[in-house]
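The values are calculated or read from the model by the stated rules, or taken from the named source; none is laboratory data. Here the structure is a predicted model, which is why all the values come from computation and not from measurement. Every residue, glycine as well, gets a Cβ built from its backbone with ideal geometry; the counts of neighbours run over all protein chains shown.
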Amino acid sequence: MNKRPFLLGLGIGLIIGAALLQLMLVGQQQADNLDHFNQDTDTSGSKLYTQEELDSKLAEAAERIRAEEMQKVQKAKDEEQKAEDAKPEANKDTSVPQPQPKAPSAAEGKAAKDSEPGRTIVRIVPGSDLTETAALLEKHGVIENQKSFISLMRKESNKIRAGYFAFEGDLTLQQVKKVITGQPLPPEEAKRQLKE
């Protein structure tokens with residue numbers, strides 16, 4: 001009798017049996033792991049959450065982060081406002097003289113009282129800086145808030161022109177900016193309107 005086919009079949013049978021046994025062990029470990037994850041707590045004692053619980057926890061965390069960010073922004077605004085409020089007081093206390101806006105000239109003094117109601121002619125003298133111009137425009141009622149006007153002009157980095165400028169009615173800051181960066185009135189025309 002030939003033993004070769006018998007030994008070959010026996011070897012193949014042992015290999016297949018060992019592979020099946022190994023697969024059964026792996027399957028059992030996977031089942032144990034799944035059972036372990038289905039429990040409410042794991043071995044470290046931390047709680048596992050359902051999807052709804054997880055979603056609510058994430059929403060709470062996001063809301064808390066949003067509230068903290070808003071508090072930081074508000075705190076920064078408050079500090080900036082305190083710095084702005086403290087700035088004039090600091091200027092009074094320092095021994096270094098602070099630059100003051102130039103006093104308006106006689107022509108500028110007339111501007112507030114000029115001709116038609118709702119029409120104002122203002123002279124911006126050569127060499128006036130942005131702060132002086134804003135103070136002059138506020139004095140004559142052309143603008144209401146110097147800081148807003150200065151902020152707009154700096155943001156758009158426009159050059160103010162010297163000369164006489166006519167403002168009619170209530171203008172927005174954009175309209176005022178357009179007037180003072182545009183062509184000034186001829187001096188003769190401005191003086192004639194001031195006399196009227």
Being within 34 Å of the chain's Cα centre (by Cα), at negative phi and outside any helix (DSSP H, G or I) is the filter here, so list the residues in region 125-149 that pass it. Ser128, Asp129, His140, Val142, Ile143, Glu144, Asn145
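Can you tell which of Gly182, Gly163, Gly169 is in contact with a helix residue (DSSP H, G or I) (Cβ under 8 Å, 6 or more places away or on another chain) and without any contact (Cβ under 8 Å) to a residue 60 or more places away in the chain? Quick ask: steps written out before the conclusion?
Values: Gly182 fails: in contact with a helix residue (DSSP H, G or I) (Cβ under 8 Å, 6 or more places away or on another chain); Gly169 fails: in contact with a helix residue (DSSP H, G or I) (Cβ under 8 Å, 6 or more places away or on another chain).
So the residue among Gly182, Gly163, Gly169 that is in contact with a helix residue (DSSP H, G or I) (Cβ under 8 Å, 6 or more places away or on another chain) and without any contact (Cβ under 8 Å) to a residue 60 or more places away in the chain is Gly163.
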Candidate set: region 169-192, residues that are at pLDDT below 85 and either of a type in the set (Lys, Arg) or not assigned by TED's automatic domain parsing to the domain that holds Thr133 (or both); chosen: the one nearest to Leu152 (Cα to Cα): Lys191
Kindly indicate whether any position in region 160-174 is in a helix (DSSP H, G or I) and among the acidic types (Asp, Glu). no
